[in-house]
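Below you'll find the structure, written out as structure tokens, and then a few comments.
The values are calculated or read from the model by the stated rules, or taken from the named source; none is laboratory data. Only a predicted model underlies this, so the values are computations on that prediction, with no experimental measurement involved. As a convention, Cβ positions derive from the backbone with ideal geometry for all residues, glycine included, and neighbour counts pool all protein chains shown.
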């Protein structure tokens, strides 16, 4: 019983530590050079396909996230309506993981923008 309690406590502490740390990293990763008006906002010609690819990937993840999130919430709701505690608990678990995954996928555009800004501080 103590081993299960300690594993749960460790997981909870890890989440409580990592979530604010991830937020801090995302906020602090915007380079100061991107705020200058004197910089050109056009990527170099040789990097243009990379930026186009990153944009298309984030758009694809956004559309897939909406579709999978909707399907996950529907499936979780169906499980919650089924009789029995096991089905209801499984439905709640599906909802929890679907919510976490949907937030992650829907924030992919923000994450990719932060990565692009960090990797290319000389580009607007």
Problem - Residue in segment 46-67 that is within 16 Å of the chain's Cα centre (by Cα), in a helix (DSSP H, G or I), modelled with pLDDT of 80 or more and farther than 26 Å from residue 118 by Cα present - result: yes
Practice task
For segment 99-114, name all the residues that are assigned to a helix (DSSP H, G or I) and either farther than 15 Å from residue 51 by Cα or at pLDDT below 80 (or both).
Solution key: 99, 100, 101, 102, 103, 104, 105, 106, 108, 109, 112, 113
Problem - segment 78-110, subset surrounded by fewer than 16 Cβ atoms within 10 Å (Cβ to Cβ) and touching a residue at least 40 places away in the same chain (Cβ under 8 Å), residue nearest to the chain's Cα centre (by Cα) - result: 106
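Would you confirm, using the coordinates I've provided, whether residue 82 is touching a helix residue (DSSP H, G or I) at 6+ places or on another chain (Cβ under 8 Å) and modelled with pLDDT of 85 or more?
Values: touching a helix residue (DSSP H, G or I) at 6+ places or on another chain (Cβ under 8 Å): yes; modelled with pLDDT of 85 or more: yes.
It is true that residue 82 is touching a helix residue (DSSP H, G or I) at 6+ places or on another chain (Cβ under 8 Å) and modelled with pLDDT of 85 or more.
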